[in-house]
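Before any comments, here is the structure.
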Amino acid sequence: MFPSNHQFSGQPRALAVVETTTTSIQVDLNEASLVSRDEVQNGGFSEAKSIMESSEKLQDDLRMLGMKIKQHEDSLKLLRNQKNKLDDTILDMQVTLGKYHSSSSPGVNKDESHLQSEHETTEQILRHEKSAAGILCQLKAHHGSQASHLSLTKDVLGVVATLGKVDDENLSRIFSEYLGVQTMLAVVCNTFEGVKALETFNQDGCIDKTSGLHGLAASIGRSLDGRFLVICLENLRPYAGDFVAEDRQRRLDLLKPRLPNGECPPGFLGFAVNMINVDSSNLSFVTASGEGLRETLFYNLFSHLQVYQTRAEMVRALPCISEGAVSLDGGMIRSNGVFSLGSREEVDVRFPKTSTMLEELESYSETEKQMIEMRWQKEKLEEDIKRELALLNTAKFNFERKKQDFVKFLAQNSTYATQFQAGRR
């Protein structure tokens, strides 16, 4: 913001400002002081005393102005930090409100009876009766909790579609379409040992249809056709950053996108990985290395995928999008430079929905009130920053003017330094 020779931050800078900007002056000042002492000894007492007093006063003035500059810079730094924190808080609130508004988007029925439930998700999986996910769900439906104790399935956490929930139907549709039905039906295992148990091979290298999932399918009168995805959590590269403080869901503390002006792109609702809600029964799950489902499974599925309100807002935010984005009206960017065009695909396996409309409405009203208060605080901080910046500029101007006076003073009294040097010879 300011030229480098006008920066005055740092611990001892108040005095250093004067010292560093007048390094060459100090020698002359010392000489002037010595000349003054010499003249005192030679009878020029009153004139030497006047020069010394003027010199000391100019130095004191410069020191005081340097201290004022540092005080104003420290105040500016504090105010800007407070504003940045407010900006982040307001952005988080906008994301929360955006989630609520997303359920009001076209094509979303707000009747609770039409919202995706866990039971409906299971029914959708069971319709894929020849898939690995369908067979596992069939096993669970017939054997209940006993299914998890079978040697074949004890390492299986579940199917992708059943391990996360979302706050509204529209998010369910867009996330399911982004992942695709094959990924939504992927089986999730904790370890590679669990993966190997699902499919074995005979001596010829062919799949053994009498063991693993193939043998299980045959035992319940089903056949497992084609390929199926299995995700092994211990082999995934987990998220390595921080988490949102005091968040029971342990959402990832991802850096929010920023436009060149420092503002968040209009329409940005959040990151897909943080819009997935993990059931309380799975929140306590961790791999052998201590990672949970969000930082392993969902981070690898969604990474830094951004979510926007509309396609137009998503396109305008392209400079801020590094790893894909989706919009609630059907826009989709797979990765940098890869756009998914055409009509929306209705994937027949979706994430279930969590909260009720009543809870959302109450939360919305409270968040809206808090955001109004935060915006008022931000406006006040912006005014304080402008005022502090004006005071800083005034202090810097006064410092430069006083420095010029000091240089002029030394130049005018350099004769005494010359005389002093001649006298010493």
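So here's what we get for this one:
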read-out	value
Where GluC sites (Glu not before Pro) fall in DSSP loop in segment 159-247, at most 14 other Cβ within 10 Å	E246
Accessible area of segment 245-334 divided out per residue, in Å², using a probe of 1.4 angstrom	43
Virtual spin-label span in nm between F285 and D348, 7 Å along Cα→Cβ	2.6
Among T183, C206, A133 the positive-end extreme of the charge dipole of segment 122-230 (Cβ point charges)	C206
Virtual spin-label span in nm between T210 and A240, 7 Å along Cα→Cβ	4.7
Residue-count net charge about T296 - beta-carbon cut-off 9 Å; Lys, Arg +1, Asp, Glu -1	-1
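The values are calculated or read from the model by the stated rules, or taken from the named source; none is laboratory data. What you see is a predicted model, and the numbers here were worked out from it, not measured in a lab. Positions of Cβ are generated from backbone atoms using ideal geometry, with glycine treated the same way; all protein chains shown enter the neighbour counts. Accessible surface is based on the protein model in full, side chains and every heavy atom, while ligands, DNA and RNA are left aside. Shrake-Rupley method; radii C 1.70, N 1.55, O 1.52, S 1.80 Å.
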